[in-house]
Amino acid sequence: MAVRDYLRERFFPHMWCPGCGHGTVLNNLLRAIENLKIEKNDIVMVSGIGCSARISGYVDFHTLHTIHGRALAFATGVKMSRPDLNLIVPMGDGDALAIGGNHFIHAARRNIDITAIIMNNRIYGMTGGQFSPLTGYGKLATTAPYSNIDHDFDAVSLATAAGASFVARTTTYHVKQMADIFQKAILHKGFSVVEVLTQCPTYFGRKNRAGSAAEMVENYKKSTTPIGSKASQENSDLIERGIFIEKDLPEYCGEYDKIIQKAMKGK
Amino acid sequence: MEKNIKFVQGNEACAEAAIYAGLDFFAGYPITPSTEITEHMALKLPQIGGKFLQMEDEIASLCAIIGASLTGKKVMTATSGPGFSLMQEALGYAIMTEIPCVIVNVQRGGPSTGLPTHASQGDVNQASWGTHGDHAIIALTASNHQDLFEITVEAFNLAETYRTPVILLLDEVVGHMREGFVIPKPGKIPLVGRLRTSVKQGVDYHPYLPREDGRLPMSDFGGVHRYNVTGLFHDMWGFPTDDPKSVHELHRHLIDKILNNVHLIEKHKEYYLDDATTILISYGSSARSARHLVENRRSRGELLGLLELQTIWPFPYGLIRKICADARYVVVVEMNMGQILREVKIAIDDPEKVFLANRIDGSYITPTDIRNILRLIQGKGV
C-alpha cells in the first residue's frame, strides 16, 4: 500500500501553514505504518485540540478528534475495551503537557499500550503564538512579550519518571530516524512516548527570529546529537535524540485480563 | 424462581440496574456521595467480563467511557457535584458527537465542596446547562430504589435510542438510604441495544447522516467503516465544517431529536391528582416527604395531590400545564432555591398560584416542613 492510500484525500488540502513540521510527522508516521503493514481497520488515532490534533482528520483510520488535553483519556477507554486495536495519539506540546499533563503522566504510569507522539513546536500555534510548557525560559511569545520566565519540561525525563516503558526523541530533520522510532514505538507493548521536535516558522520562529522553515529544520541538525555521543559529553547544550527507554513491563490491558480471570474464579 | 430481593443503598441499586441494562464498561473517580457505585463496579464488572477503570479525575472518566462507547460498549460513570462540574466539557463533546453514555450525579450540597454528605438538589439546572453552547439533554431521577432500578435501565435505553448522554440526577438521600427492592427477572424490562449500520464494507458510510426518523445507526470503532468523530461542527462524514447550512442542520438535529420527543421520553407518577385542589410537584428524595404528607392529609379529607417527576429534562411543560390547570395552589417541593419552580411557573397559565416549599440547609426536607409552608400559603399560619 502506498502512503497516499492512508490519506483521506477528500479532506485535503490540509490546514497547516507553509513550512510547518507537522506534515513531516504525518509523512513519517504513515511510512512507519506502511512498513509494519498494519490494516487500516486496526488503527485508532485519537487527538486533542490544536494544530497537531488536526492530523487525525487526514488519515484513513478510525479517528477521534477530541477535546483539549484529554486525548489520552479517550484513547485509554478505546484501548481498554478493544485491546487488539493499535492506538496512536498525536498531541501538541501544550495539549500533551499543559492541559493534558495529568492524563499524560497517568497513562504512562499505567503502561497502557498506546503510542503517544508529542509534536513539540514549543508554541500554541492554533491560537496564534502563546508560550507553552516547552517554549523555554527567555523565549518570546504573544503572552510573554517581554521574555518568558516559565521554565520548560524535559518531556523525555518527565515520561521516564512517570513510568513510560518506551521513550524516544527525534526531529523533523532526522526523518529516517523518525520513521524508525515510530515503527518501534508502535510495536512496543506498553506506553510509548515519542517527542518530535517540529518547527513552527509562523509563530515560534517569527517571534524568536529563528529564521525560515528550512533554517529551523537545519538547526535541528546542529542543536541535537545521538544519545551518549562524544559531542553530547562535550557540549551539554546539545539535545539528545534516539531511544532513551525501551523495557518490558506488564501492560495494563493484559493486567486487567488477569483481574477478570481472578474475579470470575472467585465468583 | 424465587424473587431476587435486595436490601441495599440506592447507589448499589443503581449499579445493579446498570449491569441489568447491559453495562460492560465503567470509569470513575472516588467522590462522596457516589463512591459506592464506583466500588460496586470495580467488584462486579470483572466477574461478568466487563471492564472497570479508576481514572485520574472525573473528566478523564467521562472521556474514557466515550471512547469505550465508540467501540460498541454500554458505558457509565458516576460522580457528585465537583466531579460533575469537571466533566462538563466532555459532556458537551458527547452531546456534539452523539455518543451514548450514562452519567450519574449523586447530588451533594453546593456550590463548590459544599456539603459532601448532605441532602441537596442543587444541580438541576447544571444538568441541563452546565456545558456551553445551545443543546438539549435528558436527565432522569427517582425517589425510591425500585423506581431507581427501572429509571437507570431507562437511562441506558434512552442513551441508545437518542444517541445522547443521559444524566441520572440522584441525591444523597436516595444514594445512601438502604431500602428493599426486587431485581426484575432478566428480560422483564426491555433493553435497547446499539443501532448499528447495515451499510456493507466498501460502501460509503455516513456516520452523521440521520435517517428519516432522526436516528443515526453507528459503526463500532475497529469495525469495517473508518470515519472521523469531532467536537467541531461537522458534516455527514464527521469532518469539520463551518458551512452555515450544515451548522444549522446539525444544531437543530441535536436539539430537535430530544425536544420533539418529550412525549416519548417523559416519565412521571401521579398520586391523588384527580380531585386535588392543591398539587405538590416534587422529584427525587423530596418526593418521598411530599408523598408522605399527601397520604397523611388525604386521610383527613384534604384534597392534596402529588405529581412526581422522573424526567427532569427535557422538562414536561405540556404535562404540568394540563395537570395544574384547575388547581388552586401548586407547590413545588425541592431542596434548592426553586430550580424546578422556575420551570413550573413558565409551564402554567397563572404563575402566581405557584409556591416553593424548600430547604437549602443540607437537612432533608420533612413532611412537617412542607406542611408548615402549606399552612402559610393557605393563610392558616404555622
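What the table shows:
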read-out: Cβ-derived FRET efficiency at R0 35 Å, residue B:321 paired with residue B:251, nearest 0.05; value: 0.85
read-out: Chain A: radius of gyration over Cα atoms, expressed as a fraction of 2.2 N^0.38 Å; value: 0.99
read-out: Relative contact order computed over segment B:4-183 (Cα-Cα under 8 Å; 6+ residues apart), in percent; value: 30
read-out: Cα-based convex hull volume of segment B:4-183 per residue, rounded to whole Å³; value: 93
read-out: Helix B:286-298 vs. chain B, principal-axis angle (Cα, 0 to 90°, nearest 10); value: 40
read-out: Distance between modelled label sites at residue B:42 and residue A:218, nm, 7 Å Cα→Cβ extension; value: 5.8
read-out: Calculated FRET efficiency for the pair residue B:366/residue B:117, C-beta based, R₀ 22 Å, to 0.05; value: 0.75
read-out: Projected label distance in nm at residue B:380 and residue B:209, using a 7 Å step from Cα toward the beta-carbon; value: 6.4
read-out: Taking chain B and dividing mean pair separation by its residue count, relative contact order in percent (alpha carbons under 8 Å, at least six apart); value: 16
read-out: Proxy reagent accessibility, fewest Cβ within 10 Å first, across A:248, A:237; value: A:237, A:248
read-out: Length added when fully stretched, residue A:161-residue A:109, from 0.36 nm per residue minus Cα-Cα; value: 17.8 nm
read-out: Computed magnitude of the charge dipole of segment A:34-112 (debye, nearest 20; Cβ of K, R +1, Cβ of D, E -1); value: 240
read-out: Of A:37/A:184; B:3/B:74; A:258/B:51; B:73/B:267; A:265/B:44; B:6/B:188, pairs whose Cα-Cα distance is over 19 Å; value: B:3/B:74; B:73/B:267
read-out: In nm, spacing of pseudo-spin labels at residue B:200 and residue A:9 (7 Å Cα→C-beta vector); value: 2.5
read-out: Part-to-part distance (alpha-carbon centres) for segment B:245-300 and segment A:219-264, which is given in Å; value: 56
read-out: Relative contact order [Cα under 8 Å, 6+ residues apart], segment A:8-266, whole percent; value: 19
read-out: Antiparallel %, DSSP beta bridges [both residues in chain B], to 5; value: 25
read-out: Rg in Å to one decimal, and Dmax rounded to a whole Å, for the protein assembly as shown via C-alpha atoms; value: 27.4, 96
read-out: For B:129, B:313, order by how many other beta-carbon atoms lie within 10 Å, fewest first; value: B:129, B:313
read-out: Amide H contacts of residue B:356 (H built 1.01 Å from N, under 5 Å, at least 5 apart or other chain); value: B:332
read-out: Theoretical ellipticity at 222 nm over chain B - DSSP helices of four or more residues, -39500 (n - 2.57) apiece, nearest 500; value: -11000 deg cm²/dmol
read-out: Derived scalar couplings ³J(HN,Hα) [segment B:12-19; Karplus, 6.51 cos²θ - 1.76 cosθ + 1.60; whole Hz; x for Gly, Pro]; value: 6, 4, 4, 5, 4, 5, 4, 5
read-out: Distant-in-sequence amide H partners of residue A:118 (H built 1.01 Å from N, under 5 Å); value: A:91, A:194, A:195, A:196
read-out: Relative exposure of B:263, B:251, judged by other C-beta atoms within 10 Å (fewest first); value: B:263, B:251
read-out: 18 Å cut-off, amide nitrogen to a point 7 angstrom out along residue B:264 Cα→Cβ, residues in segment B:91-134; value: B:98-101
read-out: Segment A:8-266: antiparallel DSSP beta bridges as a percent of all, rounded to 5; value: 20
read-out: Placed amide H near residue A:47: partners under 5 Å, 5+ positions off or other chain; value: A:64, A:65, A:66
read-out: Assigned charges on the beta-carbon of Lys, Arg, Asp, Glu; the protein assembly as shown dipole about Cα centre (debye); value: 560
read-out: Between 0 and 90°, nearest 10: helix A:101-110 axis offset from chain A longest Cα axis; value: 40
read-out: Karplus-derived 3J(HN,Hα), 6.51/-1.76/1.60, for each residue of segment A:217-224, Hz, glycine and proline x; value: 5, 4, 5, 5, 5, 6, 8, 10
read-out: FRET E, pair residue A:176, residue A:249, Förster distance 30 Å, beta-carbon r, rounded to 0.05; value: 0.60
read-out: Counting DSSP beta bridges with both ends in the protein assembly as shown, the antiparallel % (nearest 5); value: 25
read-out: Share of alpha-carbon pairs per 5 Å distance bin for segment A:127-208, given as whole %; value: 3, 14, 19, 18, 17, 15, 10, 4, 0
read-out: Stretch gain in nm, segment residue B:134-residue B:352, where the contour uses 0.36 nm per residue and the Cα spacing is subtracted; value: 75.6 nm
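Every number in this text was worked out from the coordinates using simple rules, so none of it is lab data. As the structure is a computational prediction, the values presented were derived from the model and not from experiment. Because the Cβ atoms are built from the backbone with ideal geometry, glycine has one as well, and the counts that use them run over all protein chains shown.
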